[in-house]
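What follows is a set of notes on a single structure, which appears directly below.
Readers should treat all values here as calculations from the given coordinates under stated rules, not as data from a laboratory. On a predicted model such as this, the values are computed, not experimentally measured, just so you know. Positions of Cβ are backbone-derived with ideal geometry, glycine not excepted, and every protein chain shown enters the neighbour counts.
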Amino acid sequence: MRKTENVIEANAGKEGVVAPQAVAALIRKASESGQLIAESEIFRRAIEQHLIPSPTADPAEEVGNIIKKLVEESEDLHELTASDGSRDYYSSRFMTEPYARILILKQGGSRQLIAEIVRQNSACYPRPVPLDTFTQPPFDLTGEAVRNNLERMQKEEEYLDIASTTTSSSRVFLYSTLHLEPDHAAMLAEWLDVGQFENP
């Protein structure tokens, strides 16, 4: 990323559309690295790299206006709002929206991440989620971390809808009782884990 930043810094003093181009480059470079970039981080780099082309009474507002215009006019630049109201950005050239939304959920902590992914799958598809899904990218939790989080979730009221079912091959699946009945979840888990392979 340093090479890109050097190019941005070298061009920062030029007239014209350098600031929007530089901000767009920051967003795309972050996405290419598999990361979102926060509005506050864009503002910090814009100030450090002197990306604002002329003096302004409110640099934060100026950067915000640049970002807003970029999102409106660029097909690949998108904004996501976290639960705390903060805004993050990504480029669909390098990252899909579902992946970006998972990264947003990760910011809220592992328990919220697990719960929201399970609820979304139970509500939208509907289907339960294999427990080991959360040890794989882009979640990247350890097995121990997943188990510890589930133990804590069982004691917290906001997560009491997250339940588990075990298939005949001893694989554990998670589902939300807000969206799936236990018997239906068990049937779906068995099909996903065993049935679809035995009956292609």
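Points worth noting:
- Selection from Val129, Leu150, Ser110 lying farthest towards where the dipole of segment 109-198 points positive, charges on Cβ: Ser110
- For the chain, the Cβ-based charge dipole about the Cα centre amounts to some 460 debye (Lys, Arg positive; Asp, Glu negative; other atoms uncharged).
- Helix axis angle, 97-107 relative to the chain longest principal axis, alpha carbon, degrees: 90
- Highest-first arrangement of 118-131, 95-108, 143-156, where packing means the average Cβ count within 10 Å: 118-131, 95-108, 143-156
- The mean sequence separation of alpha-carbon pairs under 8 Å and at least six residues apart, normalised by the residue count of the chain, gives a relative contact order of 15 percent.
- Enclosed volume per residue, in Å³, of the convex hull spanned by Cα atoms of segment 89-151: 87
- Value of [θ]222 nm, deg cm²/dmol, for the chain, DSSP H segments ≥ 4, -39500 (n - 2.57) each, nearest 500: -15000 deg cm²/dmol
- Degrees separating the helix 39-48 axis from the principal Cα axis of the chain, which is the longest one: 30
- Over segment 109-198, Cα pairs under 8 Å with separation of 6+ residues give a relative contact order of 32 percent.
- Computed over segment 109-198, the percent of Cα pairs more than 17 Å apart is 45.
- Partner aspartates and glutamates whose Cα lies under 16 Å from the Cα of Lys68, excluding those fewer than 8 positions away in the same chain, are identified as Glu39, Glu41, Asp58, Asp76, Glu79, Asp88.
- Rg to Rh, two decimals, where the chain supplies the alpha carbon set and Rh follows Kirkwood: 1.12
- The chain: angle of helix 110-124 to the longest principal axis, Cα-based, in degrees nearest 10: 70
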